[in-house]
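Participant: Encoded as structure tokens, here's the structure I'll be asking about.
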Amino acid sequence: MAFSPQAQSCSHDMQAIRRALITICAVSTTALALVWVIVSVARKPSVNQSSFAALITKTPLSGLLIANLSLVTAGTLATLIVMRSRQKADLNTPSPSGWLVAFSILPLSLMALVAAQKSSGRVTDLAPFSHTALSLASALTFVLAFIFLLLERSLATGRHSGILEAGGLAALLRAVIVSLALSGFLAGCGASDISLLTWPWLIPICLTLAAACETIIRVIVRLFSPPATVATTSACIGNILFDSPLALHPARVAMVMKTSFGIDFEQSWALSFVWRAMLPVTGAMILLAWTFSGVVKIDQNQRGIYERFGIPQAVLGPGLHIVLPRPFGYVRLTEFGTIRSTVITDHADAAKAAADVSGAEGEAPESANRLWEDSPEDASYLVARSADGRAGFEMLTVNLRILYRVRLSDQGAMDALYNVSSPDELLRSLARSDLVMFFASETLEGVMATRRDKVAEIISADLQASLDQRHSGIEVVAVLIDSIQPPAAAARSWRAVQAAEVRVQMSVAEERTRAAGTAALARRDAYTLQSSAQAQAETIRKAARADATRMTGDDRAWHESGQAFLLEYYLAALKTALNGAAITVVDSRIPRSVLDLRDMPFSLLPPADSAASK
């Protein structure tokens, strides 16, 4: 059976385009697997990242590469499946490859969407990365873009116009080419030390996100559409932006709705009313939005300088304010009471010290164990020294931090906003100058003998004077000097001096404690003796008063009673004297010559003769 030359040419073109699609699918799949392996290995914490691996994982490049390669793989794979089914089956029969195409595109499109979305959170500056890594990444993206450009040019030629998927795949490839070319251009600018902003990275990211979302929408629409025949089936790929930008024009949409669904927008009074009212309503909304640009909200920690036609008028406090809309009125925000800190150091990129979590009663933190070690927050200065009658210079290292804020007055807020562009840089510059002048006017012995708080007061006063002279509107809250370290050669001797000073202070404190204890004991003993003497004197005084009172009473009784009182007094004294004494009474008138006065029951004594005594 003989074929016409036109059929043979068409078959030859189909074979050529199929080989090109297979090649592109293999290249994109291989590149996708390679990038995936690099990203997976580089993200392991135990692996030391190279500069190229860090560039891939910490920038949007990895997400953009994975997303674009996934879209190209999905598009070429779907095109190959549709072309093969159209070649093998009858053109009027239902296409058996519809679901296969949909489920081959959907996973890759979802992966592209997720990768592009994650890459939007990695937009960063490319300055920290090496030029070699940036150049390699730029070359890789440009090579992939060039390979896809060759396929796109092959699909866009007239000889492949008979292939239904040629236009959609070419449009998708154009979106991928533009995204990769922009990524390569940005990486190349970083390799050439051309400083660019980070927002241009959003352009390729948005293009990739739009392509992935459109592909997913096409697949979903295909899944819920009536089954198509082999002749009318499509690969569900394309890009409206790079294929037919006018597809979303209202007239085109109205024509599609009328021809496909029988809906005529020209006969609808509601749409006609919306079309007539669109311009007035849009203008009113724009005017209302412009009017509301004059409503300004200022937070509690901010103030606003209100400018009317570019001239400062007033300082607005926290709250809600109504001013002229832009550009006639503008409110520039500044700080209100916020205290900031800056470190005076020799290193431009001094690392921030880790927060100490040690308690008040625990061991000192590791950050405090740096008296004789270099710290990234230390600054070195020359100070004069006199040794053996010869003058010289020594190097001191100072750890100094400045706390500052914008003055609370209205004039201070205006000065800080209009006269100072970078408060940190101004403070560092003036502080370095004041420190150099201070140490140049002092000696090593004088500096080391002066207390740090005194040095801080001097530097704070000089720095505030310099700031006021320049009308900076900045107030120095405090100057904190953490340490003033001696020269390295004198470190050992100075440490011994400090240790001796600590021992002397401890000895003085101990002796003062001992003296205080001795004085307290002496005061206690003196108070005890004084109290005892006072009590004894009071006792003697009370006894004398009692004896005097008793003597006075006896004298008065003697004068009144005479001998009777004396006899009674004699008998009372005799009774008192004889109390408890053993007495023997001998009398002839008593029947017994001896009286037994012992205590015994009366039953043991013989009965007395009462008649004889009478």
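Participant: Give me the pairs, please: first residue somewhere in segment 280-309 and assigned to a loop (DSSP other than H, G, I, E, B), second residue anywhere and hydroxyl-bearing (Ser, Thr, Tyr), beta-carbon distance under 8 Å, and either six or more positions apart or on two chains.
Facilitator: Note: pairs meeting the criteria are ASN301/THR338.
Participant: In segment 60-96, what residues are modelled with pLDDT of 70 or more and in a loop (DSSP other than H, G, I, E, B)?
Facilitator: PRO60
Participant: If you don't mind, there's one more thing I want to ask. Return yes when ARG432 is open to solvent by 30 Å² or more (accessible area, probe 1.4 Å) and more than 15 Å from THR397 (Cα to Cα) and no when it is not. Explain how you work it out, then say what you get.
Facilitator: Details: open to solvent by 30 Å² or more (accessible area, probe 1.4 Å): yes; more than 15 Å from THR397 (Cα to Cα): no.
Taking the combined requirement at face value, the residue does not satisfy it.
Participant: Just wondering, is there one or more residues in segment 328-335 that are open to solvent by less than 80 Å² (accessible area, probe 1.4 Å), at pLDDT below 85 and farther than 30 Å from LEU430 by Cα?
Facilitator: The answer is no, given that none of the residues of segment 328-335 is open to solvent by less than 80 Å² (accessible area, probe 1.4 Å), at pLDDT below 85 and farther than 30 Å from LEU430 by Cα.
Participant: Among THR23, THR57, which is of a type outside the set (A, V, I, L, M, F, W, C) and at pLDDT below 70?
Facilitator: Values: THR23 fails: at pLDDT below 70.
Answer to the check: THR57.
Participant: Still on this model: Take the residues in segment 398-429 that are part of a loop (DSSP other than H, G, I, E, B) and more than 14 Å from LEU467 (Cα to Cα), then tell me which one is least open to solvent (accessible area, probe 1.4 Å).
Facilitator: The residue in question is SER409.
Participant: Can you tell me which residue within segment 97-132, out of those that are buried (at least 20 other Cβ atoms within 10 Å of the Cβ) and not in a helix (DSSP H, G or I), is modelled with the lowest pLDDT?
Facilitator: SER97
Participant: Within segment 156-170, can one find any residue that is of a type in the set (Lys, Arg), at pLDDT 65 or above and open to solvent by 30 Å² or more (accessible area, probe 1.4 Å)? Give the steps one after another, and end with the answer.
Facilitator: Of segment 156-170, the ones of a type in the set (Lys, Arg) are 159.
Now narrow it down to the ones that are at pLDDT 65 or above: none.
No, every residue in segment 156-170 fails to be of a type in the set (Lys, Arg), at pLDDT 65 or above and open to solvent by 30 Å² or more (accessible area, probe 1.4 Å).
Participant: Cβ contacts < 9 Å: first residue modelled with pLDDT under 80 and of a type in the set (S, T, N, Q), restricted to segment 339-352; second residue surrounded by 12 or more Cβ atoms within 10 Å (Cβ to Cβ) and not in a loop (DSSP other than H, G, I, E, B), any location; separation 6+ or different chain. Result?
Facilitator: THR345/ALA379; THR345/ASN399; THR345/LEU400; THR345/ARG428
Participant: For segment 184-210, give me each residue that is at pLDDT 85 or above and of a type in the set (Ser, Thr, Tyr).
Facilitator: Residue satisfying the conditions is THR208 alone.
Participant: Ok, one more. How about segment 449-479: which of its residues are among the aliphatic types (A, V, I, L, M) and surrounded by 16 or more Cβ atoms within 10 Å (Cβ to Cβ)?
Facilitator: Hits for segment 449-479 are VAL455, ALA456, ILE459, LEU463, LEU467, ILE474, VAL476, VAL479.
Participant: For residues that are loosely packed, with under 14 Cβ neighbours inside 10 Å and in a helix (DSSP H, G or I), tally how many sit in segment 437-446.
Facilitator: 4
Participant: How many residues does segment 276-313 hold that are among the aliphatic types (A, V, I, L, M), farther than 21 Å from ASN419 by Cβ and open to solvent by 70 Å² or more (accessible area, probe 1.4 Å)?
Facilitator: Residues that pass the stated criteria total 7.
The values are calculated or read from the model by the stated rules, or taken from the named source; none is laboratory data. Please read all numbers here as calculations on a predicted model, not as lab measurements. FYI the Cβ positions are ideal-geometry reconstructions off the backbone, even for glycines, and counts take in every protein chain you see. Surface areas here come from the heavy atoms of the whole protein model, side chains and all, with no ligands, DNA or RNA. Shrake-Rupley method; radii C 1.70, N 1.55, O 1.52, S 1.80 Å.
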